[in-house]
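The values are calculated or read from the model by the stated rules, or taken from the named source; none is laboratory data. Everything numeric here is computed off the predicted structure, so don't read it as measured data. Here the Cβ positions follow ideal geometry from the backbone for every residue, glycine too, while neighbour counts run over all protein chains shown. Note: accessible area is taken over every heavy atom of the protein model, side chains too, but ligands, DNA and RNA are not part of it. Shrake-Rupley method; radii C 1.70, N 1.55, O 1.52, S 1.80 Å.
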Amino acid sequence: MTPQDKHSTQEQTSTRFETRAIHAGQKPDPVTGAVMTPVYMTSTYAQNAPGDPVGGYEYSRTHNPTRTALEENLASLEGGTFGLCFSSGLAATSALLGRFVPGDHIVAGNDLYGGTYRIFTQVYERYGIQFTFADTTDPDAVRAAMTDATRMIYVESPSNPLLRLTDIASMAEIAQGAGALLTVDNTFATPYLQTPLTLGADIVLHSLTKYLGGHSDVVGGALIGNSDDLREELAFYQNSCGGTPGPLDSFLVLRGTKTLALRMERHCSNAIAIAQHLEAHPGVDRVHYPGLPSHPQYALCGQQMLHGGGMVSFELSGGVQAGETFASSTQIFTLAESLGGVESLVETPPSMTHASIPAEVRRAAGLEDGLVRLSVGVEHVDDLIADVDAALALAGA
Ligand SMILES: *Cc1c(COP(=O)(O)O)cnc(C)c1O
């Protein structure tokens, strides 16, 4: 029996998201009654007799009680039967790719997180795994990219920075028809807004660094699924290759998920208010936000997501210069990469997160020079809008 088996998440699945966020995987400590899961700073565990560990735990790469609590919590929130945590989102991606062999083919979205594109093309392609990048917003383009060797479809929805949506249920249908897995990077949406496993995905991947941690104070990753075979394979990799988070990191993410529902509600209500405000502003060319009726996949957003999310991007006609002036002029939005924390952040994808993409390729993909991306935090919306307006004026918009 593994520690996970002893504290099954099943008993928690009848309660609602907000309740599970606070209780799933977490019980008062049996020794002291501590209500919060302790940070178990230990690498090893006592055994009664050789091979008979006192509490089921043997070594903290394999299992640690604080990490177990987080893994069960995440499994419950995503509607999965297992969760496995890693020291970063990309360590989770690496664990996922570790199950493929040379000759295997993966169809992936063509506007992935940059680090995901890099690990695919610069690390795992060297081991003989093949990738085709397709526009996953178009199921026909994904069908056309499938080969006899395709073992996985890998998508992000909403995508970054244009916040395009991929129809997860139709991706699941294509994957199932081809005997391939569907993995969804659910970092931008979070399980509060969207649960890919319930739409037919096999694996959900997270950068816990973003909304799930929620306070920009920890780096982490996770894989969540609902098949025993996948759990066994991925847990084997996790134990064999490491890349696991420490107990303090696990504790911080666990503290973050407790308020995920509250935070996401405010992120989303602030984001849509800002998106509407920007759309009505004469100096703004275009706003990308899935919760606006002008978004090309507004209808899909209504089917697949609870709200449009906390990320907004928009185009200024003044090009790179206007975008950079805007991003340097805000007082509350901090100029920084990353996203998903309680504080608002601003960045200019053409010169920051997406600078490595040649300008022509970038423009062809719809990423205009004057693009600005906001990670809308949970501050008071009136202060955020006033900050945006002042920066727009300075940017000449
Ligand atoms: C940040 C991010 C990652 C990578 O996660 P790290 O925790 O930085 O390793 C993967 N996917 C998305 C969508 C991200 O935003």
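Odds and ends about this structure:
- Surface accessible to a 1.4 Å probe, GLU125 within the full protein complex, Å²: 80
- When the chain is treated as a Gaussian network with alpha carbon springs shorter than 10 Å, the biggest mean-square fluctuation among ASP185, ASP29, ASP382 belongs to ASP29.
- Computed from Cα atoms, the angle from the helix 260-279 axis to the main principal axis of the chain rounds to 10 degrees.
- Taking amide H as placed 1.01 Å from N in the peptide plane, the amide H of GLN47 sits under 5 Å from that of VAL54, each at least 5 places away or on another chain.
- Under 5 Å, built H, 5+ apart or other chain: amide partners of ALA134: ALA108, GLY109, ASN110
- Cα gyration tensor shape of region 3-258, rounded if a/c is under 1.5, else prolate or oblate by comparing a/b with b/c: prolate
- Peptides 342-352, 50-60, ordered by how many other C-beta atoms sit within 10 Å of their residues on average, highest first, read 342-352, 50-60.
- Each residue of region 17-29 was assigned a 3J(HN,Hα) from its phi angle through the Karplus expression (A = 6.51, B = -1.76, C = 1.60, θ = phi - 60°), giving 3, 4, 6, 5, 4, 8, 10, 4, x, 10, 10, x, 4 Hz with x at Gly and Pro.
- Beta bridges from DSSP with both residues in region 3-258: antiparallel share about 45 percent, rounded to the nearest 5.
- Centroid-to-centroid separation of region 64-97 and region 195-214 [C-alpha atoms, Å]: 10
- Counted residue by residue at 0.36 nm each, then reduced by the alpha carbon distance between them, the extension gain from MET36 to GLN303 reaches 92.5 nm.
- Taking amide H as placed 1.01 Å from N in the peptide plane, LEU371 has its amide H under 5 Å from the amide H of LEU316, each at least 5 places away in sequence or on another chain.
- Dipole of the chain, positive direction: furthest Cα of ALA327, ALA75, MET146, with charges on the beta-carbon: ALA75
- The HN-Hα couplings worked out from phi for region 111-119 by the Karplus form 6.51 cos²θ - 1.76 cosθ + 1.60 (θ = phi - 60°) are 10, 7, 3, x, x, 6, 4, 5, 5 Hz, whole numbers, x standing for Gly and Pro.
- Overall form of region 74-143 per C-alpha gyration tensor (a/c, 1.5; a/b vs b/c): oblate
- In order along region 190-204, the phi-based Karplus estimate (6.51 cos²θ - 1.76 cosθ + 1.60, θ = phi - 60°) of 3J(HN,Hα) comes to 6, x, 5, 9, 7, 10, x, 4, 6, 9, x, 5, 8, 9, 10 Hz; Gly and Pro are listed as x.
- Kirkwood Rh in Å, taken over all unlike Cα pairs in region 260-394: 14.9
- Around the Cα centre of region 3-258, unit charges on the Cβ atoms of Lys, Arg, Asp and Glu (plus for the first two, minus for the last two) sum to a dipole of about 580 debye.
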